[in-house]
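The structure appears right after this line, and notes come after that.
The values are calculated or read from the model by the stated rules, or taken from the named source; none is laboratory data. Since the structure is predicted, the reported quantities are computational estimates derived from the model, not experimental observations. Ideal geometry is used to build each Cβ from the backbone, glycine not excepted, and the neighbour counts take in all protein chains shown. Heavy atoms of the whole protein, side chains included, go into the accessibility calculation; ligands, DNA and RNA do not. Shrake-Rupley method; radii C 1.70, N 1.55, O 1.52, S 1.80 Å.
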Amino acid sequence: MNVVIVSAVFPPEPVVTAQTSFQIADELFHDGHQVTVLAPFPNRPDGRLFKGYRRSLYHRESMGFSVIRCFSFLSRKSTMGSRLLENMGFAITCSARVLFLPRPDVLYMNSWVIVCSGMVSAAAWLRSIPVAMSIQDVYPESLSQQKRISAHSLLFRVLRALDRRIAHSAKALIVISDQFRETYRVDRGVPAERIHVLQNWGETSSVNVDARGAYGLRLKYGILDHTMLAVYAGNIGAAAGVETAIRAFEYLWNDENICLLIAGVGSSLGACQRMVEEKGLQDRIFFYTPWPKKDTGIVLGAADVLLLPTQGEQSLVSVPSKLISYMLSGRPVLAMVHSNSDTAKLIIKAKAGWVISPDDPVATAAALKVIAASPPEDVRAAGARGLDYALCHLTREANLPRMIQLLLETAETRNVASMPRY
């Protein structure tokens, strides 16, 4: 079988879905299939080209299978214009390549939605290539929740119509949650039999907690054994909601046994650092940046509780991929998400932590006080339950075989119907 994988992120980028796309390609390659990956030049998460790479229109490299790097613009700031330019650049070069590659039996797409996914889908339709499309976020609803566009605007309606059309063109939609499935079944009108729920997964080996290193990290910041350390680890961007965790410490002045470590990079890092300084919280809130991937086990292992903030109703239209590594670390999670979100349902089902409302620093402070006052063995037990759940449901061993089977089934649908008209 000849497979083309279009992936907006790909190793060496340290992003969960980059690893997912790599593992799909690697598994198919070792099963004897011909695999070609189309991906941008690596630059995530901070929009800077990785060392050893130089952008050109196309560049071919080998990871056993073939990887074709396609030109795209770099987005160093998380602005609408910057992201759109990045999206369009990759959409043009990638879809052009799809038109001229040897015709594959199936195309798996894990890319930026609407612009890139639309152009690649159109190129695939012109060549009668069946597409299996991975949906990581619901757009344009996600843009609306980030307050980038209004849900009542003409632009929102146009983007939703385009997303509907693109979704209908795919032979298989692979969504990461039940809520996403219902959105595409009910709002977008995609037949239920073409929608498949398959959660993202992580590598158990990628989160090997380093107890010695974790202890050293705590010592580095002067965090004593009796201090409860909350850790946020991930992209510090506009939609991350890290500011809520910082503001919570305004209500924890007298709780000196609670500290926060923020690990990562992103467009909001500078603003968060300034906020900590302005509020005089430098002795309670610390930053670990940049955060090398090799230190993942150290950073997560240093935590007594891991924070998962979100903004507005963002948790209703996305599931943070960092939740997987959080749970695989064996540490409990305090999630600031809507109670009816898929993230909340997963944490409650796994009994892996606590769920409170987003954008509420008072509730966050209260929850941290409760956790700090709880018996340590109870807190550790929540983390252990999360690890057990993740090992059963959120690992490569649990989910990759299902993904490969879906691609094989999609490849069997040779007679691709015309794109629907509306």
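Taking all protein chains as present, what is the carbon and sulfur share of the accessible area of the chain, in % to the nearest whole number, probe 1.4 Å?
Looking at the chain in its full context, I get 54 percent from C and S.
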I236 neighbourhood, Cβ < 14 Å, K/R = +1, D/E = -1, net charge +3
For the chain, the per residue accessible area (1.4 Å probe, Å²) is 43
Quick one: net charge of A123's neighbours, Cβ under 14 Å, K/R +1, D/E -1?
+3
The extension gain from K351 to A271, computed as 0.36 nm times the residue separation minus the Cα-Cα distance, is 25.4 nm
Charge dipole magnitude, Cβ of K and R +1, D and E -1 - the range 264-422, Cα centre, debye nearest 20
300
For the chain, what value does the Rg/Rh ratio take when both radii are computed over Cα atoms and Rh is the Kirkwood radius, given to two decimals?
0.97
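Between the DSSP loop rule and a limit of at most 13 other Cβ atoms within 10 Å, which trypsin sites (Lys or Arg not before Pro) in the range 1-68 are left? Could the numbers behind the result be given before it?
Working: sites: R48, K51, R54, R55, R60; in loops: R48, K51, R54, R55.
Listed in order of number, the matching sites are R48, K51, R54.
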Let's test the formula: R0 of 45 Å, r as the Cβ-Cβ distance of Q282 and L85. What FRET efficiency results, to the nearest 0.05?
0.80
Magnitude of the Cβ-charge dipole of the chain, K/R +1 and D/E -1, about the Cα centre, nearest 20 debye?
1340
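Please give the FRET efficiency for Y251 paired with I92, using the beta carbon to beta carbon distance and R0 = 60 Å, rounded to the nearest 0.05.
Once rounded, the FRET efficiency stands at 0.75.
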Specify which residue in the list A238, A123, S111 is farthest towards the positive end of the charge dipole of the chain, using unit charges on the beta carbon of Lys, Arg (+1) and Asp, Glu (-1), about the Cα centre.
A123
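Rounded to two decimal places and with Rh computed the Kirkwood way over Cα pairs, what is Rg over Rh for the range 72-128?
A ratio of 1.03.
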Å³ per residue enclosed by the Cα convex hull of the range 14-160:
116
Leading residue at positive end of dipole, the range 256-411 (Cβ point charges), from S357, A344, M403
M403
Can you give me the distance in nm between label points at D187 and K51, each placed 7 Å from the Cα along the Cα-to-Cβ direction?
4.3
Using the Kyte-Doolittle scale, which helices in the chain average at least -1.0 and also have C-alpha atoms spread 27 Å or more along the helix axis, with helices defined as whole DSSP H runs?
80-100
Theoretical gain in end-to-end length, V362 to R157 [0.36 nm per residue, Cα-Cα removed]:
70.2 nm
With 5 Å bins from 0: P(r) over the range 110-235, alpha-carbon pairs, percent
2, 9, 15, 16, 14, 10, 7, 8, 7, 7, 5, 1, 0
Quick check: net charge around L400, other residues with Cβ under 13 Å of its Cβ, Lys/Arg +1 and Asp/Glu -1?
-3
Mean separation of Cα contacts under 8 Å, 6 or more apart, over the residue count of the chain: relative contact order %
15
Keeping to pairs on different chains or 8 or more places apart, tell me how many lysine pairs in the range 195-354 have Cα atoms under 25 Å apart.
9
